[in-house]
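**Student:** One structure, as structure tokens, below. Some questions next.
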Amino acid sequence: MTLDTDASATTAIVDASRPLSARERFERIYRILRDRICLLDYPPGSRLSEEELAQEFEISRTPIRRVLARLESEGLVQSVHGVGTIVTDVDIEELQQVYHLRLELALLVGKLSPIPRTAADLDRIRALVARCDSDMLNPDQRAFLQLNMDFFSELTAMTGNQPLREISERLYFQVARVVLKMMPQLGLVEEFTAFRREMEEVLAAAQIGDWESIGHIRRAHISMSFRRMMRHGDHAKDTNSERLVRQEE
């Protein structure tokens with residue numbers, strides 16, 4: 001499943017064939033706002049206005065409050081008395097425990113109710129690989145993260161264990177912004193290359209139904225991504241420290 005993030009999608013809350021239920025509207029608005037936060041359309045410190053969002057989606061403020069409450073429970077926004085709802089910031093060091101949990105959960109994708117992939121499912125992953133090749137011709141940070149999010153949706157669809165899917169999604173979107181924020185230090189071409197390799201490995205395993213291998217592939221790439229971020233994060237801190245020392249001198 002690919003999430004809509006363009007301007008036309010954000011304002012349309014009625015499907016062409018039928019009206020959306022209240023639950024479907026809630027889920028769609030939640031995903032749109034979550035994606036905007038993760039793609040830094042709403043950067044840390046941004047204030048989200050209930051009134052403006054209600055006008056945009058042409059609904060009352062009550063369902064907007066429910067969406068914001070869910071985003072707050074997931075750590076993406078914070079309600080500040082007298083100020084409103086503010087998009088939170090992220091710190092890679094504070095997310096180490098989240099990454100450690102993601103490493104263990106990755107192995108469960110191939111163990112808990114794996115869902116065999118159809119030809120259409122595999123074709124979608126092939127299309128993501130092709131899109132990656134196209135994006136690498138003119139690398140863009142936002143395009144990388146959107147591609148990563150779309151591939152994550154394909155991965156979560158590989159397990160029929162709903163609690164695992166929900167926990168995995170929550171943890172993934174908690175750390176997604178870190179990747180985008182650190183991209184200048186990580187190196188966009190390097191990240192595209194590593195990500196393409198992961199998609200190809202997952203596709204090869206899915207084609208033969210080796211679900212356990214998919215879990216190990218995912219775990220390995222999460223681990224490598226985290227190590228790259230920690231390495232570059234330490235380098236950035238050292239650079240800042242040296243700069244401060246020079247200023248004091």
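**Student:** Considering every residue within the range 81-88, establish whether at least one is closer than 25 Å to LEU186 by Cα and either part of a helix (DSSP H, G or I) or of a type in the set (Phe, Trp, Tyr) (or both).
**Tutor:** No, there is no match, as no residue in the range 81-88 is closer than 25 Å to LEU186 by Cα and either part of a helix (DSSP H, G or I) or of a type in the set (Phe, Trp, Tyr) (or both).
**Student:** Identify the residue in the range 107-125 that is among the small types (Gly, Ala, Ser) and at pLDDT below 95 and, among all such residues, is most open to solvent (accessible area, probe 1.4 Å).
**Tutor:** SER113
**Student:** Within the group LEU71, LEU128, LEU101, which residue is under 23 Å from ARG197 (Cβ atoms) and either part of a helix (DSSP H, G or I) or open to solvent by 40 Å² or more (accessible area, probe 1.4 Å) (or both)?
**Tutor:** LEU128
**Student:** If THR62 meets every condition in (1) under 30 Å from GLN141 (Cβ atoms); (2) open to solvent by 70 Å² or more (accessible area, probe 1.4 Å) apart from one, which number is that one?
**Tutor:** (1) is the only condition that THR62 fails.
**Student:** Here's something else I'd like to know. What pairs can you find where one residue is in the range 210-228 and on the phi < 0 side of the Ramachandran plot, the other is of a type in the set (Phe, Trp, Tyr), and their Cβ atoms are less than 9 Å apart, with a gap of 6+ or different chains?
**Tutor:** These pairs meet every condition: HIS221/PHE195; ILE222/TYR99; SER223/TYR99; SER225/TYR99; SER225/PHE195; PHE226/TYR99.
**Student:** How many of the residues in the range 174-195 are in contact (Cβ under 8 Å) with a residue 60 or more places away in the chain and either of a type in the set (S, T, N, Q) or touching a Leu at 6+ places or on another chain (Cβ under 7 Å) (or both)?
**Tutor:** Initial filter on the range 174-195 (in contact (Cβ under 8 Å) with a residue 60 or more places away in the chain): 174-178, 180-182, 192, 195.
Retained after the next criterion (residues that are either of a type in the set (S, T, N, Q) or touching a Leu at 6+ places or on another chain (Cβ under 7 Å) (or both)): 174-178, 180.
Qualifying residue count for the region: 6.
**Student:** Name the residues in the range 137-160 that are among the aliphatic types (A, V, I, L, M) and open to solvent by 60 Å² or more (accessible area, probe 1.4 Å), would you?
**Tutor:** LEU137
The values are calculated or read from the model by the stated rules, or taken from the named source; none is laboratory data. Source: prediction; values computed, not measured. Cβ coordinates were reconstructed from backbone atoms using ideal geometry, including for glycine residues, and neighbour counts include every protein chain displayed. These accessible areas exclude ligands, DNA and RNA; they are computed on the full protein's heavy atoms, side chains included. Shrake-Rupley method; radii C 1.70, N 1.55, O 1.52, S 1.80 Å.
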